Amino acid sequence: MATIRDVAQLAGVSIATISRVLNNSDKVSPDTTAHVRAVIKELGYVYSPPLGNRRAGADRQLLFAIILPTLANPYFSELLDIVEQEAQYLGRALLVFNSRGDAQRELSLLNACRQYKIDGLFIIPCSRGTEHLMTISNQPFPIVALTQLVPGMTSVAVDHIEGGAQIAEHLVSMGHTNIGYLGAIDETEQKFGGFRDKLAELGVPLSPDNIIQTPALTAVELADRFKEYLDHHPTLPFSAIFAFNDVAAQQVMDVLLQRGYQIPEQIQVVGFDNTLLAQVMNISSVAQPMREIGRLGCQEMIRLIEGKEMDTHHLTLSPRLVLRNSSVKVNKRKF
């Protein structure tokens, strides 16, 4: 089945131009419009317009949907609460789906969204594969990606590279020269890239032996993975560690305490997301402007539904490292 990207590639124009032609915009020259329509006919591309462009009131459900990769991580639960509030403010109900990190399940949930005839979908894709993202994009309703900048898809996210860099700067400023990392390390994990590159820039390269590679597992699986690493390293090779989210950071701290390490005196720990878990457990963590992500996500969704301007937007927000007891040594004075 041909996609809008296939049409854009063959026609030699942008996806935005294809969208304008499909929506009968007067901003495209007659020659370009004729060329694009010829390519559409040649490829047999079938266009399903967003609900906002259909006959007023014909199929409007006043319904949004959101597909999350997990509900076990409090970060996504907090995000869900904010998006639901913003959707309610806009007069929409919100359907909630959990892909459980399974790409095939995510695609089946897209079918459910079509059956419900939703107005628009918020998604955190569980796979960054090109084919998977193309399938997600080719839907009869507008889509906004949250917390990740997704190519070809309107997205609202924090600058994960900058967040990782802030953690690196903090740990080096605390005097650490041997630093560890636990989490995913593929190229789409931008927080890891920012962390690694900033360490190298500061002259404290990240040793491969100090990287504990793991995908987004459950809390128990994360703990088991870290225990396995410690079993093979009787002497801890680093004095500080960055765990890629707050759940991982909390599990790392629990295992370290069970093995007799003192935090932060012997080892310091930093997480990411600044969830309620980090606040309760006193974990240093990178805060994401969750309220702004939800608000801007809904704002972009309404823009796409109304169909007045179909360009793809990538909105990047600034992170902020919040320091707590897990990575700050406190010198107590006796009076």
**Fill in**
Filtering region 20-57 for residues that are in a helix (DSSP H, G or I) and either at pLDDT 75 or above or of a type in the set (Asp, Glu) (or both) leaves a count of 17
**Request:** Filter region 243-271 down to the residues that are without any contact (Cβ under 8 Å) to a residue 40 or more places away in the chain and assigned to a helix (DSSP H, G or I), then identify the one that is most open to solvent (accessible area, probe 1.4 Å).
**Result:** Gln258
**Request:** Could you please give the count of residues in region 2-16 that are without any contact (Cβ under 8 Å) to a residue 60 or more places away in the chain and surrounded by 15 or more Cβ atoms within 10 Å (Cβ to Cβ)?
**Result:** 7
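Let's see how each residue does on (1) of a type outside the set (Phe, Trp, Tyr); (2) over 23 Å from Val158 (Cα atoms); (3) in contact with a Cys (Cβ under 9 Å, 6 or more places away or on another chain):
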residue: Glu78; (1), (2), (3): yes, no, no
residue: Val83; (1), (2), (3): yes, no, yes
residue: Ala87; (1), (2), (3): yes, no, yes
residue: Ala93; (1), (2), (3): yes, yes, no
residue: Arg100; (1), (2), (3): yes, no, yes
residue: Leu109; (1), (2), (3): yes, yes, no
residue: Cys113; (1), (2), (3): yes, yes, no
residue: Ile118; (1), (2), (3): yes, yes, no
**Message:** Quick check on this structure: which one of Ala112, Ala165 is touching a helix residue (DSSP H, G or I) at 6+ places or on another chain (Cβ under 9 Å) and of a type outside the set (S, T, N, Q)?
**Reply:** Ala165
**Item:** Restricting region 87-109 to residues that are assigned to a helix (DSSP H, G or I) and in contact with a helix residue (DSSP H, G or I) (Cβ under 7 Å, 6 or more places away or on another chain), the residue that is surrounded by the most Cβ atoms within 10 Å (Cβ to Cβ)
**Value:** Ala87
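What helices (runs of 4 or more DSSP H), lying completely within region 121-233, carry at least 1 residues that are more than 17 Å from Val286 (Cβ to Cβ), of a type in the set (A, V, I, L, M) and open to solvent by 40 Å² or more (accessible area, probe 1.4 Å)?
130-137, 190-201, 219-231
The values are calculated or read from the model by the stated rules, or taken from the named source; none is laboratory data. This one's a predicted model, so the numbers in the text were calculated from it and none came from an experiment. Neighbour counts run over all protein chains shown; Cβ positions are idealised from the backbone, glycine included. When the accessible area is computed, the model is the full protein with side chains, heavy atoms only, and any ligands, DNA or RNA have been set aside. Shrake-Rupley method; radii C 1.70, N 1.55, O 1.52, S 1.80 Å.
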